[in-house]
Amino acid sequence: MLDVLGMEPWTPDLAIPTIRERWPKLPIIMLSKKKELSDALGYFALGARGYIIKDIDTAQNVPMMFGNIAHQAELIKDWGKAASLIRFLIDEYRPIKKILADERDIGWVRKTGDSPVIPAQVKFLQNIQQRKNPVLSELFPRILRPSLKSYDIPFYRAKSLRRTLFEIRDQDEIVKTAQTVLKSVLRELKTHLFDYRTHEVTKGGYEWYIDEYYIGKLQRRQDELRELLEKSEIAAETSDRELLQTLNKAQEKVRDSKFAIPKDKKAVLGLLEDIREIVAPSKIAQREALLDALNAKQLKIGGKLMKQPMVILKSFLKSEKGKKKFLPRRIGQIHGDLHFDNILVDMAVPEKPFIKLIDPRGFKKGADFAYDIGKLLHSCHGKYDMIDAEYYSIPDKSDLVKKTRSGIVAISPPEQVEWVRERQGGGSRDTVTSYGRKIEQGHYDAFEQIERWLVDEFLPELLPEDVEWKSRSYLNEALHFCTMGPFHLERNPLKSLTLYIRGVQLMNRLSDNLGSQL
């Protein structure tokens, strides 16, 4: 990668041709603050293979470049050059996007940001090191060079448990691999972390726990999500609409223009349609649907009438019987975010896999061990791993929700996405539509087997003294879904909507299963 400002005394005019001549197969990517179409085209003409704009988040870089190209091409009426650059960016964007998406599968190196959870994570990992417990020292990463906003840990050549299971095709092997890893993880966490220092939760501490992990937490996250949807997302909606207007005008111009090669017009129109798909113009409708779902009196999901999670949660905790069932008797240290993607594994030696647990939450005051179990259940039983990988989703259509005068909002349930459509610029300059296979039915069946093994076989043996662990674990699983919306909203509103609706389904299922027990 070449930084335009850091190449002195060389210039791109000299450097790019020299490198291309010496190493013809070496791809050259230019890094620059310039956003003009002419600069990008100039570097490509010299032989560069990529063009990245500085000071722009990677996820926004390519869509922003698309919008800039479309706008300038309209002004200079040079759709031939614009089509060439857009086609290249689309072809290059897919592998770059895939690498970014798979970053956690090959290691976890650095955590940065302004989130208040970061200092707690640093403190948690430092405490693990200070205890000098050989089991926990092996299970958690060492922390290097901590600061208030970031910290480093060593690089591990290991894949997440999620990716490991997704890559296995044999259903029995998927289950066996998960069992091997989860047995080790849960036994070690309970013995060496949770049981190390626990304390009782008395009736006087009930209100604190309810606010910290149940009603208070759900209310705070829903308020945060509503605020994002109603206020901070206005700018994003405006940006989306402006880009759509530019694309609409560009398509009209192309349709009315004459091309020397007829196929070029077809290619440009196809590529402009690709831009629509990449920048996801349907985000506006998805955000509006999520807000409607949050504010609905009741939801009708797949034709079945369901209550809002807050209504169910309050009904669970209003009586002493409910508090006894759902509030833990003791709390201690836990991981706090123990889903499959935060468990790095290397199965080179299946009998003794390499395991590292990353991204701990570090709850200072302690929490219920069922919170961690709920995270594992939301990976396998709740299908969070499938949702996060976009294999399981609410169908994206123009009428996502239907509202009635009585305040009921109807929406389709999440469903399997077995095939994904991709549009590519072919060598003949035609736009080719292809379909890629997602994960197989065997993966869904295997994840259900993993849940049944955890709940029916392994966990009763691990937690014989805790008679209500199952109810609390399933409640935590459902609440994890209901409180995750803010974290996915900016990049993928449909995923936030799917997660919330999945949480509604799980809360109502738990309520139905408990029946008259409360």
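The values are calculated or read from the model by the stated rules, or taken from the named source; none is laboratory data. Here the structure is a predicted model, which is why all the values come from computation and not from measurement. Counting neighbours? That spans all protein chains shown, and the Cβs are built from the backbone with ideal geometry, glycine included.
Of all residues in the stretch 161-194, those satisfying the criterion of being more than 19 Å from residue 355 (Cβ to Cβ) and either acidic (Asp, Glu) or not in a helix (DSSP H, G or I) (or both) are 169, 170, 172.
Results for (1) closer than 28 Å to residue 484 by Cα; (2) in contact with a His (Cβ under 7 Å, 6 or more places away or on another chain); (3) surrounded by fewer than 20 Cβ atoms within 10 Å (Cβ to Cβ), shown as yes or no for each residue.
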| position | (1), (2), (3) |
| --- | --- |
| 164 | yes, no, no |
| 171 | no, no, yes |
| 179 | yes, no, yes |
| 182 | yes, no, no |
| 196 | no, no, yes |
| 208 | yes, no, yes |
| 211 | yes, no, yes |
| 219 | yes, no, yes |
| 222 | yes, no, no |
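Residue count for the stretch 292-310 under the criterion of being part of a helix (DSSP H, G or I) and in contact with a Lys or Arg (Cβ under 7 Å, 6 or more places away or on another chain): the result is 2. Consider the stretch 6-19 and keep the residues that are of a type outside the set (A, V, I, L, M) and at pLDDT below 75. The one that is surrounded by the fewest Cβ atoms within 10 Å (Cβ to Cβ) is 9. Out of the residues in the stretch 320-335 meeting the condition of being over 14 Å from residue 207 (Cα atoms) and in contact with a Leu (Cβ under 9 Å, 6 or more places away or on another chain), tell me which one is surrounded by the fewest Cβ atoms within 10 Å (Cβ to Cβ). Ranking the qualifying residues of the stretch 320-335, first place goes to 321. More than 15 Å from residue 219 (Cα to Cα) and in contact (Cβ under 8 Å) with a residue 60 or more places away in the chain: is that true of residue 502 in this structure? When the stated conditions are applied, residue 502 passes them. Of all residues in the stretch 342-355, those satisfying the criterion of being touching a helix residue (DSSP H, G or I) at 6+ places or on another chain (Cβ under 7 Å), part of a strand (DSSP E or B) and farther than 26 Å from residue 485 by Cβ are 345, 355. Residue 397 passes every criterion in (1) part of a loop (DSSP other than H, G, I, E, B); (2) at pLDDT 90 or above; (3) more than 19 Å from residue 454 (Cβ to Cβ) apart from (2). Of the residues examined, residue 173 is one that is at negative phi, at pLDDT 95 or above and among the acidic types (Asp, Glu). Look at (1) of a type in the set (Asp, Glu); (2) modelled with pLDDT of 70 or more; (3) under 24 Å from the mean Cα position of the chain (by Cα) and you find that residue 237 fails only one, number (2). Name the single residue that is farthest from residue 188 (Cα to Cα) among those in the stretch 311-341 being among the small types (Gly, Ala, Ser) and either outside any loop (DSSP other than H, G, I, E, B) or in contact with a His (Cβ under 6 Å, 6 or more places away or on another chain) (or both). So, considering only residues that are among the small types (Gly, Ala, Ser) and either outside any loop (DSSP other than H, G, I, E, B) or in contact with a His (Cβ under 6 Å, 6 or more places away or on another chain) (or both), the one farthest from residue 188 (Cα to Cα) is 315.
Inspect the stretch 303-319 for any residue being surrounded by fewer than 22 Cβ atoms within 10 Å (Cβ to Cβ) and within 19 Å of residue 162 (Cα to Cα) and give the result as yes or no. No, that holds for no residue. Taking the stretch 384-408 as the range and being charged (D, E, K, R) and surrounded by fewer than 24 Cβ atoms within 10 Å (Cβ to Cβ) as the test, the residues that pass are 388, 390, 396, 397, 399, 402, 403, 405.
Of note, residue 494 satisfies the criterion of being in contact (Cβ under 8 Å) with a residue 40 or more places away in the chain, under 30 Å from residue 226 (Cβ atoms), surrounded by 15 or more Cβ atoms within 10 Å (Cβ to Cβ) and of a type outside the set (Asp, Glu). How many residues does the stretch 363-400 contain that are touching an Asp or Glu at 6+ places or on another chain (Cβ under 7 Å) and without any contact (Cβ under 8 Å) to a residue 24 or more places away in the chain? The number of residues fulfilling the criteria is 1.
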